[in-house]
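Step one of this worksheet: look at the structure below.
Every number in this text was worked out from the coordinates using simple rules, so none of it is lab data. Small disclaimer: the values here were computed from a predicted structure and weren't measured. All Cβ positions, glycine included, derive from the backbone under ideal geometry; neighbour counts span all protein chains shown.
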Amino acid sequence: MRTMVVWVPDWPALVQLADHVEAARGGAAEPSDALAVLEKGVVLACTPAARAQGVRRGMRRRDAQSRCPDLVVSDHRPEADAKAFEQVVTTLEELSPGVAPLRPGLCALTVPDRYYGGEPEAVAVMAEALVGLGVWDVRFGIADGVFVAELAARQAPAQDSVIVAAGGNVDFLRDLPVEVLDVPDPAGTSAPRLDLVTVLRRLGIRRVGEFAALAGSDVLARFGAHGALLHRWARGEEVRQISRRTPPAELTASVAFEPPLERADAVVFSARQTVEDFVRRLDRAGLVCATLRIEVDAEVAGEPRVSGRLWRHPRWFGSGDVLDRLRWQLSADPPGGPVAAVRCVPVEVEPLGEHAESLFGGGPDDQVERSVARVQALVGPEGVRSVGVQGGRGPSDRRLSAAWGERAVVQRPLDRPWPGSVPAPAPATVFAEPAPAQVVGAEGMPVSVSGRGGLSGRPARFRAGADLAWQPVAAWAGPWPVDEHWWDEASARRVARFQVVGVDGSAWLMVVENGRWWTEARYD
């Protein structure tokens with residue numbers, strides 16, 4: 001199978017250079033074209049301007065800056081490289097389906113020679129498309145397999161190609177240095193990759209053809225499976241297949257209104273068909289949307305205005321759920337003018353199989369959800385809330401609440417240790433605001449807690465609130481001292497919590513802070 005490899009040299013440096021130029025222009029500064037991307041203190045990639053001054057891949061930072069004093073250095077950001085390369089892959093997919101990204105800056109595809117009239121013609125079309133995208137230094141290699149095609153691309157001039165004739169892999173590889181076999185092991189189970197090249201050079205083997213002439217059994221015994229794989233590549237036997245990606249489906253749905261609509265109910269009614277089609281497309285793709293962004297385009301004083309809000313769902317969005325969110329969004333955040341368009345942008349989609357009910361049921365009751373949704377439509381989205389528990393030391397920290405129909409965002413994981421937290425059982429009623437309280441000893445003096453957790457006296461009487469009567473202490477436990485955010489003066493807090501039971505049987509969770517007592521919760 002004829003394979004084309006597209007290579008953009010020093011892709012990480014080009015991505016960071018674009019960000020650097022944009023930031024420099026925003027700060028009215030003169031951008032520098034000499035830039036190097038570092039990984040673990042070593043140059044991973046550099047721009048042509050830096051290379052012209054002697055900067056090379058593998059140099060240490062100090063050596064690179066000594067050769068190029070105005071060199072701009074930046075840490076490697078793999079996620080930014082992958083995101084930027086997505087546009088290159090998308091452009092190539094418009095010209096030939098089945099593009100396989102190998103890594104940011106490098107991808108492979110089957111040569112569409114018949115469609116464009118030949119392999120050189122296909123290269124010319126793709127080079128023109130990428131140059132129009134702003135990728136000037138792009139190189140192409142075509143051969144019988146990915147390995148040889150990549151080596152051919154690395155020998156090609158900018159915006160040009162090296163084409164290895166069909167069946168010519170062995171002739172192309174024969175005189176190449178063995179350093180081209182410095183390929184990492186995808187399985188990560190072999191010896192260090194430099195070991196093969198180093199040993200070959202010590203044995204006097206300088207060319208790939210000399211390595212290919214070795215017996216396969218000897219190579220397997222000395223270098224393992226990875227060495228045997230490279231030996232097969234050196235003999236022109238390509239064993240890799242292109243793992244083509246499936247282009248993501250376009251799931252965003254939009255509807256435009258001409259003329260623009262002023263009433264919210266008219267917007268919701270007119271968007272119904274589009275929303276239902278949006279949910280059906282997700283269903284055909286075997287997906288469900290758990291996080292959705294609704295964007296509204298409006299005309300305010302003759303100027304366009306775009307507003308949006310992110311919505312989450314504990315299960316997935318149906319058409320009715322989306323329309324309800326659109327209605328609530330228009331009510332809570334009026335667009336300020338007639339609505340010209342509405343867009344539904346799926347932010348988080350998941351396979352439908354992960355949300356399917358089990359054979360014997362066990363999923364949420366649809367009747368309950370419909371009933372709660374009707375109540376929510378009357379009182380507003382924030383009027384009905386679902387509650388849960390998260391990690392934390394105090395009862396107020398452990399509260400987890402979200403509007404019904406939205407997924408609660410956990411800020412403190414429940415499965416982590418929380419030193420200083422109050423032991424079970426948890427209080428049944430947690431006050432929204434702590435109530436002032438008083439706790440005194442036998443002689444009527446307020447009980448205090450020292451910095452080391454020591455008590456000034458045993459609690460004898462207490463009052464859990466300003467409007468409650470004093471009563472004797474029947475039992476108490478504590479203190480549980482907590483010293484939080486001691487490194488931040490603004491948010492630092494040192495408290496001690498107590499469980500106090502009165503003679504009337506009431507039980508309270510109290511906290512003392514800076515000599516003052518408060519009631520946080522009550523046990524039922």
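Quick notes on this one:
- Loop-located trypsin sites (Lys or Arg not before Pro) in segment 91-177, at most 16 other Cβ atoms within 10 Å (DSSP): ARG174
- Database remark: amide H of ARG293 closer than 5 angstrom to the amide H of TRP311, VAL345, VAL347 (H placed geometrically; neighbours at sequence offset of 5 or more, or on other chains; Pro and chain starts carry no H).
- Once the Cα atoms are used to define both axes, helix 119-133 deviates from the longest principal axis of the chain by about 40 degrees.
- Selection from GLY118, ALA290, ALA234 lying farthest towards where the dipole of the chain points positive, charges on Cβ: ALA234
- ³J(HN,Hα) computed for each position of segment 144-160 - Karplus, 6.51 cos²θ - 1.76 cosθ + 1.60, integer Hz, glycine/proline x: 8, x, 5, 4, 5, 5, 5, 5, 5, 5, 6, 9, 7, x, 5, 6, 9
- Normalised size of segment 418-524, defined as Cα radius of gyration per 2.2 N^0.38 Å with N residues, equals 1.04.
- 0 to 90° range, to nearest 10: angle between helix 11-26 axis and the chain longest Cα axis: 60 degrees
- Helical content of the chain, expressed as a calculated mean residue ellipticity at 222 nm, amounts to -9500 deg cm²/dmol (DSSP H runs of 4 or more residues, -39,500 (n - 2.57) each, divided by residue number, nearest 500).
- Dipole orientation for the chain: of the candidates GLY216, ALA426, VAL482, VAL482 has the Cα lying most toward the positive pole (charges on Cβ; Lys, Arg +1; Asp, Glu -1).
- When only the Cβ of Lys, Arg, Asp and Glu is charged (+1, +1, -1, -1), the dipole of the chain relative to its Cα centre reaches about 1700 debye.
- Karplus-derived HN-Hα couplings along segment 221-233 (A = 6.51, B = -1.76, C = 1.60, θ = phi - 60°), whole Hz, x at Gly and Pro: 5, 8, 10, x, 5, 5, x, 5, 5, 5, 5, 5, 5
- With kT/(6 pi eta Rh) evaluated at 4 °C and eta = 1.567 mPa s, and Rh the Kirkwood radius from Cα pairs, segment 253-355 diffuses with a coefficient of 94 µm²/s according to Stokes-Einstein.
- Treating r as the C-beta distance of ALA426 and GLU262 and R0 as 41 Å, the FRET efficiency rounds to 0.25.
- Annotation: extensible slack from ARG154 through ARG281 equals 41.5 nm (criterion: 0.36 nm per residue apart, minus Cα-Cα distance).
- Most positive-pole-ward Cα, PHE85, GLN53, ALA152, against dipole of segment 3-163 from beta carbon charges: GLN53
- 5 angstrom amide H check on ALA474, placed H, neighbours 5+ away: VAL501, GLY502, VAL503
- Between helix 366-379 and the chain: long-axis angle, C-alpha atoms, 0 to 90°, nearest 10: 70 degrees
- In this label model, GLU433 and LEU414 are separated by 3.0 nm, measuring between points 7 Å along each Cα→Cβ vector.
- Length-normalised contact order of the chain in % [C-alpha pairs under 8 Å, at least 6 apart]: 8 percent
- For the pair VAL387 and GLU350, a Förster radius of 30 Å applied to the C-beta separation gives a FRET efficiency near 0.80, rounded to the nearest 0.05.
- Qualifying GluC sites (Glu not before Pro) in segment 403-502, where qualification requires a DSSP coil assignment and no more than 15 other C-beta atoms within 10 Å, comprise GLU443, GLU489.
- Sites listed here are trypsin sites (Lys or Arg not before Pro) in segment 444-504 whose DSSP assignment is loop and whose Cβ has at most 11 other Cβ atoms within 10 Å: ARG452.
- Put a plus charge on the Cβ of each Lys and Arg, a minus charge on the Cβ of each Asp and Glu, and nothing anywhere else: the dipole of segment 3-163 about its Cα centre is then about 760 debye.
- Taking amide H positions as modeled 1.01 Å from N, with prolines and chain starts lacking one, the residues under 5 Å from ARG385 and 5 or more places away or on another chain are TRP404.
- Simple point charges give the picture: +1 on the Cβ of Lys and Arg, -1 on the Cβ of Asp and Glu, and for segment 253-355 a dipole about the Cα centre of about 200 debye.
- Phi angles across segment 42-47 convert, under the Karplus curve 6.51 cos²θ - 1.76 cosθ + 1.60 with θ = phi - 60°, into 3J(HN,Hα) values of 10, 5, 8, 7, 8, 7 Hz, Gly and Pro given as x.
- Over the chain, the hull volume per residue, using the convex hull of the C-alpha atoms, is 295 Å³.
- Förster radius 60 Å - calculated FRET efficiency between ARG452 and ASP70, Cβ distance, rounded to 0.05: 0.55
- Extension gain for TRP470-LEU220 works out to 81.4 nm (0.36 nm per residue, less the C-alpha to C-alpha distance).
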